[in-house]
Amino acid sequence: MAGTDDGAVAAADDALYVLTAVLLTPAQFPSVLGDDYPEACATLGLASRADGYGLVLGQDGDGARWTVVIDDVSLVAVAIASWDCGLEYDLSPDEQAIVTALPGWPLAVAVAAPGVPAPHDPAPETADQPPLSPPDTSVWGPAQRRLGADEIASQWGEWRQRINDDEFAVPADRGPTAEPSARAEEGGEGHGDEVAPPKSGHQGIRRVLAEARAYVDSPPPLGRVRSTFAPGDARTLRADGPGWSMVARTDDIAFVLLDDEPGEVLPIGRGPELPGLLEALDKMAVRPL
């Protein structure tokens, strides 16, 4: 994140003090907004443009929240990479790159611009639509389930250490199975190191695996399956569907979260079938450029 002392982009009739920016592309989008890229775009009232967008979140001179949508994805990607490295970067897109300015913020932002009033929604007369607001993650549901999957993907090593490989022993004639379940606290982060006894033939896991296999034969909407970097020659896979999210390493196991099982994280043993499924999903997944 970065703040600017100078106005950076135009929002409504005022300058915008930039607080942060995110990408909205088929391969990289705020998953809290939807199970796939078109759904995330629809949440913001945007067409699912093939090249994606950059979302610039900030405040105007009165402190009002605005989200400026631009079509210069590379500019936003460079800004994010610079900020992540602790470098300053003045995110000032050309006016022609601005697609629209939306009132409110679709994501929670923990910082505020200095020298202006506290963040608040724009006055109704200054906007053409109701202000955006972050999805409700105070109770378990699709948004919190996806945030939980985000947390597992970013903290894979920590979650993997909770699982004893001995509990993943599966006979050669069995496919991937649901194994011990670990509890995830609200917001997605796990707590405790206890795991429950193995679950055999978990109905929710069977449904997830069946729908994931169907993706290989009938590609889902863009962004339902994404592949990102992992250590070594592996890839981190993220797949989502109606009521479920799966995070996996192509050289390891998978974790599943279900809307129907609040806070539960269900590991899937590798078995003889999971490697092939993960390899097939990785081949058809979208990847960051």
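We did not get these values from a lab; they are worked out from the coordinates using the rules stated. These numbers come from a predicted model, not from an experiment. All Cβ positions, even for glycine, are placed from backbone atoms using ideal geometry, and neighbour counts span all protein chains on display.
Below is a table of values for the structure above.
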{"read-out": "Separation in nanometres of the label points that stand 7 Å from Cα toward Cβ, at Glu88 and His120", "value": "3.1 nm"}
{"read-out": "Protection-proxy order for peptides 138-149, 88-99, each taking the mean of Cβ atoms within 10 Å per residue, highest first", "value": "138-149, 88-99"}
{"read-out": "For Trp156, Trp105, order by how many other beta-carbon atoms lie within 10 Å, fewest first", "value": "Trp156, Trp105"}
{"read-out": "Order of Leu102, Leu23 - criterion: other Cβ atoms within 10 Å of each residue's Cβ, fewest first", "value": "Leu23, Leu102"}
{"read-out": "Additional length obtainable on full extension of the chain from Asp51 to Asp252, 0.36 nm per residue less Cα span", "value": "69.2 nm"}
{"read-out": "Tensor-based shape of the stretch 72-157 (alpha-carbon gyration tensor, a/c under 1.5 rounded, otherwise prolate or oblate)", "value": "oblate"}
{"read-out": "Estimated vicinal HN-Hα couplings, Hz - the stretch 26-41 in sequence order (Karplus 6.51, -1.76, 1.60; Gly, Pro = x)", "value": "x, 8, 8, 8, x, 5, 4, 7, x, 6, 8, 5, x, 5, 4, 5"}
{"read-out": "Around Leu237: net Lys/Arg minus Asp/Glu count, Cβ-Cβ under 9 Å", "value": "+3"}
{"read-out": "Centroid-to-centroid separation of the stretch 235-257 and the stretch 105-148 [C-alpha atoms, Å]", "value": "28 Å"}
{"read-out": "Placed amide H near Leu44: partners under 5 Å, 5+ positions off or other chain", "value": "none"}
{"read-out": "Most positive-pole-ward Cα, Pro122, Gly52, Tyr37, against dipole of the stretch 23-145 from beta carbon charges", "value": "Tyr37"}
{"read-out": "Approximate spin-label separation Arg160-Ser133, in nm, with each point projected 7 Å along Cα-to-Cβ", "value": "4.0 nm"}
